[in-house]
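Worksheet: one structure, shown below.
The values are calculated or read from the model by the stated rules, or taken from the named source; none is laboratory data. Owing to the predicted nature of the structure, the values given are computational and were not obtained by experimental measurement. All Cβ positions, glycine included, derive from the backbone under ideal geometry; neighbour counts span all protein chains shown.
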Ligand code: GLN
């Protein structure tokens, strides 16, 4: 059977195709000569599946879509403090090429406007590198996000450099504030090369998917940048990625995004998908007209808005029941889904409210597919408190979601593969076949009680 998604994408393109409003970017002559008819879209899933329609393999220059990725590289290469000292994270509400800096410090307001992007480019790679080494680092970094080696369109680069007066003005101003500490001309040159990297809609969707996938490229499996960097970049995309239409975008589309003057547009929906579109005619903000319409449609058709509230954590406790009777009774809290703070709070409350009279208590993770750090710690604390209250605690964890269960201070859990193993252990103990309560023998791996 044919997948439903390409059909949906084809239909979405057909719907926006007649819209010829907007203008090509006129200030870069090579871009003014682009084919305005090109129209494409790609969805890239986090396990590497690509769905596309239209012109998915046509090459064009990345332009400003390079900005979040170069910012990510600067953060990864130099660390947060040096980068944040030079580039703010406040939406400017201004056009991308506005000649404006924070009053007093001279800091660019954010890394998505040109002032911040020029500065971010200057911070990629190691401090000692020359401009050429830095450009190489940026191209290699963008390539790692895309999962294939990218290269520069020399004609577009040369064309933009001939008319780069505005970016040169911004760079000189940054130099006067010592935000840039080197030749401004070389920074503009490197940044313009960065903007001239050739990509396809497929590449851009994969780059977005890498951000949506916590910095891991879904196909190559490479961790391109760390999770903390990804969080920072997505936050800045969400607040500043669409320049002076960031507020409209945040409310109507609600996907961290970035546009470029060659008509590309990407959206990275954390934990779900990377999306990219291409259509060269731009609105007054410099965002692709048909791209914006497509994203609005995708967001409303498929509930992709990041503020779309997920189902509440209540369902995390699937059941709370007793297996067996008398001294063999085991209280089972069967948990399910992905557990984060709110889910863990539900579990804590369920266990407290139940105040299980049974000695044996099993926390069953068989139907849980993920558990984050805080939820893991809260679960182990529940286990510790149950032990202190004279319970024997089993963790049914066949997939080792809690790989090294250490409840600490007086706590003890016995990890078993399934409920049956827990029941057997309890039965064996109460019929005298086991040496001591809580010792699983060969029934499971036990985590030893901590010595005071
Ligand atoms: N290279 C372009 C510039 O600096 C990128 C701008 C953009 O895509 N918004 O003007």
Looking only at the stretch 145-153, decide whether some residue is over 20 Å from residue 184 (Cβ atoms) and buried (at least 24 other Cβ atoms within 10 Å of the Cβ).
-> yes
Okay, helices (runs of 4 or more DSSP H) sitting entirely in the stretch 25-94 with 2 or more residues that are in contact with a helix residue (DSSP H, G or I) (Cβ under 6 Å, 6 or more places away or on another chain) and either buried (at least 24 other Cβ atoms within 10 Å of the Cβ) or at pLDDT 95 or above (or both), I get 66-78, 80-86
Among the candidates 80, 96, single out the residue that is touching a residue at least 12 places away in the same chain (Cβ under 8 Å) and either within 16 Å of the ligand (Cβ to nearest atom) or farther than 18 Å from residue 228 by Cα (or both).
-> 96
Could you please let me know if residue 88 is touching a residue at least 24 places away in the same chain (Cβ under 8 Å), away from the ligand (no atom under 14 Å from the Cβ) and more than 23 Å from the chain's Cα centre (by Cα)?
-> no
Return a yes/no flag: does the stretch 316-325 have any residue that is closer than 18 Å to residue 24 by Cα and part of a helix (DSSP H, G or I).
-> no
Taking the stretch 351-379 as the search range and keeping residues that are buried (at least 21 other Cβ atoms within 10 Å of the Cβ) and more than 24 Å from residue 428 (Cα to Cα), which one is farthest from the chain's Cα centre (by Cα)?
-> 351
In the stretch 117-143, residues that are touching a helix residue (DSSP H, G or I) at 6+ places or on another chain (Cβ under 8 Å) and crowded, with 16+ Cβ neighbours inside 10 Å total 17
Would you check if there is a residue in the stretch 145-160 being in a strand (DSSP E or B), touching a residue at least 24 places away in the same chain (Cβ under 8 Å) and either within 16 Å of the ligand (Cβ to nearest atom) or out of contact with any strand residue (DSSP E or B) (no Cβ under 6 Å at 6 or more places or on another chain) (or both)?
-> yes
Boolean, residue 176 is exposed (fewer than 14 other Cβ atoms within 10 Å of the Cβ) and in contact (Cβ under 8 Å) with a residue 40 or more places away in the chain | yes
